[in-house]
Amino acid sequence: MWPIRELYAAGLLVYAIAALAGLVVHLRKITATWIAPLLCFVSIVAAVLELGASVGTLMAGAEFNWSLPSGMPFVHYGVRLDPLSAYFNLALSALAACVALYSASYLRHGAPSRAPGLFCCFFNLLLMSLTLVFTASNVVFFLIAWELVVVTSYFLVVTDHESTEVRRGGLLYILMSRGGTGLLFIGFLLISNFAGSMEFQSMHGVGAKLPPALGGAAFLLLFFGFGVKAGIIPLHIWLPAAHPVAPSNVSALMSGIVIKTGIYGMARVFFDFYGDIPVWAGMLVLGVGVVSALLGVLYALMEHDLKRLLAYHSIENIGIILIGFGSALLFRSFGHPQLAALALIAGLFHTLNHGLFKCLLFLGAGSVVQGTGTRNMEEMGGLIRRMPRTALYFLIGAIAISGLPPLNGFVSEWLTYQALLAGFGATQTITRIAFPIAGAMLALTAALAAACFVKAFGITFLALPRSQNAERATEAPRSMRSGMAALAIACIVLGLGATWFIPIFASITQNAFGVQISQQVVAGNGLLITPGAVHNGSVSPLILASMLVVLTLVPFALWFVLGRKSSRVSGPSWDCGLPGLTAENEYTATAFSKPLRMIFGALFRPRREILAEFDVSPYYPKAIHFESEIEPTFETHFYEPLWAGIQSIAARMRKIQMGSIHAYLAYIFVTLILLLLFGVRG
């Protein structure tokens, strides 16, 4: 029996000690260069302790509860480590350890190097508060931890606070988070009122007790409240504003695990609080997932800022997760617990997979930005020769996020496809059409994601350097490479060894639907993954990987047998008759995405402007300037009118606050009269 309670408590304690030590370093202005790396390794120790507690809980398939009094009525610090909490805490701990390892060298450069002690303080507070969000056992403690996540992540985002772009991104993040927390507060109040308690255990299956209208209202409030943090469309606008401006290790945590707090909240509400749910709710989640996935990848394709491109892909992958969740809700509504369990496994597995490969990609982008001094891909190029290991790790992340075999992203997306394919034959109403449509949109999303990362990798790492900074770039330090290597290995292992990992979901599906399907999903002596039965289709990532290795070895074998002794002739690359290839001859990110910009012109509403400079004659321009941009659809047509309306209402309300003491006394007098009247009637 693992000492789960001791490991969990020790992990929180080490996070707290590291945060306090970072604050002391900052206040005492200690400048020793070894302090920040030491605090990062302390964070790794805490993450390993939490990882041990989570693995022990999942292996036991049980739950563990602790409670401490707060000294205040109706409030106590309650912790509940059940299989669902342990799974998300496992994902957090794995990512935290890799990011902390990366940060040991990263903190010496860039914005965090100005106050590394303070950065480590907020970094460890964020990890501790995320752990508490995933393990809080009651509404009050959950919302306290939730707000601590918002505050600490805000201060990490605005590390480089001298920049206007950074301050704007941080402000937008905290404003949207305030709105999301307000929705959560109201939704939890509605549910806890009928549950008779604010304990999550008391809310299990409370959805059946709620009147339909009230239950639907609570569902919508909690879905969109958690959706703000998850970054679903149209509540996503903070994500591409905040993620790119944050330090890259913070961007990795934000995209890898902070937005997953919204996914955890949805999983807790959908599959714990609501034992049964109306069909419209499942259709809503499925529809939002499809829209978020497709629009997220389309906006990513138009980006030339490497980190903003990755931020939009977070929206895409959150959409893929919600496709799994929405399918699970629909299957449960139609009485198919086995298919519901399959869809839930697909969504939860993709949650972890996305955390791993997106964290890897953001850390790779951080190394590139540190080496080149820019986030603009048009000023990069040729980095594969200067940063070969970073290029390799980024390529592994790009393959994984594109859903290509045999890496982890392929497995979870394949399971999602299988759940959607099964949905058409398992339902009888008109909603059955939603499953093939969602499957087609998911396939289109995957194809566009692959195209996007061909662009991202090719423009960034291949061809010739497009700027002097790219030409002078050097490889990232060892600890940064080690953090990326650990994540790259995890992507490979979870792809090839998916059949060993899938049984970890047995206790989660048992609690949610009363079934365990790991024995049906894993077949062929642990080599095959199936959607419940081999005759319905199966895949083996390990066999696929073996086939790829064999196919790769065939050309080498043919060369060894037939071409080893043949003569070799070397010559320059074909340059279309020009005197020599330069960076000006390269394919640009703008040119790469132009066909899709034209196809989806109704969505993007592109604008371009061409300005020519002439010297002597209008027939002989000396320079041509080209500018192209797309319309931010949601900001232009939804948020800007909303903001204008709020300002208009505020301007009208300003008239009642004229600064007159007589007017204020009149307001007080009228309020007292109304209170007396209502009091007498009562």
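The values are calculated or read from the model by the stated rules, or taken from the named source; none is laboratory data. Treat the numbers as computed from the prediction; the structure is a model and nothing was measured. Please note: Cβ atoms are built from the backbone with ideal geometry, for glycine as well, and neighbour counts cover all protein chains shown.
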For ALA440, the lone unmet condition from (1) over 25 Å from HIS354 (Cα atoms); (2) without any contact (Cβ under 8 Å) to a residue 12 or more places away in the chain is (1)
| task | Kindly indicate whether PHE461 is touching a Phe, Trp or Tyr at 6+ places or on another chain (Cβ under 8 Å), within 15 Å of PHE592 (Cβ to Cβ) and crowded, with 23+ Cβ neighbours inside 10 Å. | result | yes
Condition set closer than 17 Å to ASP82 by Cβ and at pLDDT below 85, scope the range 198-220, selection surrounded by the most Cβ atoms within 10 Å (Cβ to Cβ): answer is VAL206
Matching residues in the range 17-41 (surrounded by fewer than 22 Cβ atoms within 10 Å (Cβ to Cβ) and over 25 Å from the mean Cα position of the chain (by Cα)) number 17
Considering only helices (runs of 4 or more DSSP H) wholly within the range 452-507, the ones with at least 2 residues that are at pLDDT 95 or above and within 24 Å of the chain's Cα centre (by Cα) are 478-496
Across the range 650-664, the tally of residues that are in a helix (DSSP H, G or I) and surrounded by 10 or more Cβ atoms within 10 Å (Cβ to Cβ) stands at 2
Checked the range 416-451 for anything more than 26 Å from PRO405 (Cα to Cα) and not hydrophobic (A, V, I, L, M, F, W, C); matches are GLY425, THR427, GLN428, THR429, THR431, ARG432
Counting only residues in the range 494-523 that are aliphatic (A, V, I, L, M) and without any contact (Cβ under 8 Å) to a residue 40 or more places away in the chain, the one farthest from THR57 (Cα to Cα) is identified as ALA523
Given the structure, is LEU442 of a type outside the set (Asp, Glu), crowded, with 18+ Cβ neighbours inside 10 Å, at pLDDT 90 or above and farther than 30 Å from GLN370 by Cβ? yes
Among ARG608, ARG597, ARG564, ARG568, the single one that is touching a Phe, Trp or Tyr at 6+ places or on another chain (Cβ under 6 Å) and of a type in the set (Lys, Arg) is ARG597
By residue number, the members of the range 620-644 that are among the small types (Gly, Ala, Ser) and in contact with a Ser or Thr (Cβ under 9 Å, 6 or more places away or on another chain) are SER628
Taking first residues from the range 541-564 that are farther than 27 Å from ILE502 by Cβ and without any contact (Cβ under 8 Å) to a residue 40 or more places away in the chain and second residues anywhere that are basic (Lys, Arg) and exposed (fewer than 10 other Cβ atoms within 10 Å of the Cβ), the pairs with Cβ under 7 Å that are 6 or more apart or on different chains are none
Check your understanding: Is it the case that some residue within the range 408-420 is of a type in the set (Val, Ile, Thr) and surrounded by 17 or more Cβ atoms within 10 Å (Cβ to Cβ)?
Key -> yes
If we keep only residues of the range 572-599 that are assigned to a helix (DSSP H, G or I) and of a type in the set (Gly, Ala, Ser), then the residue nearest to TYR299 (Cα to Cα) is SER593
Looking across the range 606-639 at residues that are loosely packed, with under 10 Cβ neighbours inside 10 Å and β-branched (Val, Ile, Thr), the single one that is modelled with the lowest pLDDT is VAL616
Among helices (runs of 4 or more DSSP H) entirely inside the range 225-337, those with 2 or more residues being polar (S, T, N, Q) are 248-253, 306-333
Notebook entry, point to check: What about VAL279, is it surrounded by fewer than 23 Cβ atoms within 10 Å (Cβ to Cβ), more than 16 Å from the chain's Cα centre (by Cα), farther than 24 Å from SER93 by Cβ and among the hydrophobic types (A, V, I, L, M, F, W, C)?
Noted result: yes
The condition of being over 21 Å from the mean Cα position of the chain (by Cα), modelled with pLDDT of 90 or more and within 30 Å of GLY282 (Cβ to Cβ) holds, among PHE185, PHE142, PHE224, PHE134, only for PHE185
Of the listed residues (GLY403, GLY423), the one being under 19 Å from the mean Cα position of the chain (by Cα), of a type outside the set (A, V, I, L, M), assigned by TED's automatic domain parsing to the domain that holds LEU494 and over 17 Å from LYS307 (Cα atoms) is GLY403
Conditions (1) surrounded by 11 or more Cβ atoms within 10 Å (Cβ to Cβ); (2) more than 30 Å from GLY495 (Cβ to Cβ) -> LEU542 fails only (2)
For THR429, the lone unmet condition from (1) over 21 Å from PHE270 (Cα atoms); (2) surrounded by 22 or more Cβ atoms within 10 Å (Cβ to Cβ); (3) not acidic (Asp, Glu) is (2)
The condition of being loosely packed, with under 10 Cβ neighbours inside 10 Å, assigned to a helix (DSSP H, G or I) and either outside the structural domain of VAL411 (by TED's automatic domain parsing) or not small (Gly, Ala, Ser) (or both) holds, among VAL561, VAL569, VAL550, only for VAL561
Only one of LEU39, LEU95, LEU90, LEU49 is closer than 27 Å to VAL166 by Cβ, of a type outside the set (Phe, Trp, Tyr), at pLDDT 95 or above and not assigned by TED's automatic domain parsing to the domain that holds GLY483, namely LEU95
Within the range 98-129, of all residues that are of a type in the set (S, T, N, Q) and either at pLDDT 95 or above or buried (at least 24 other Cβ atoms within 10 Å of the Cβ) (or both), the one nearest to TRP146 (Cα to Cα) is SER129
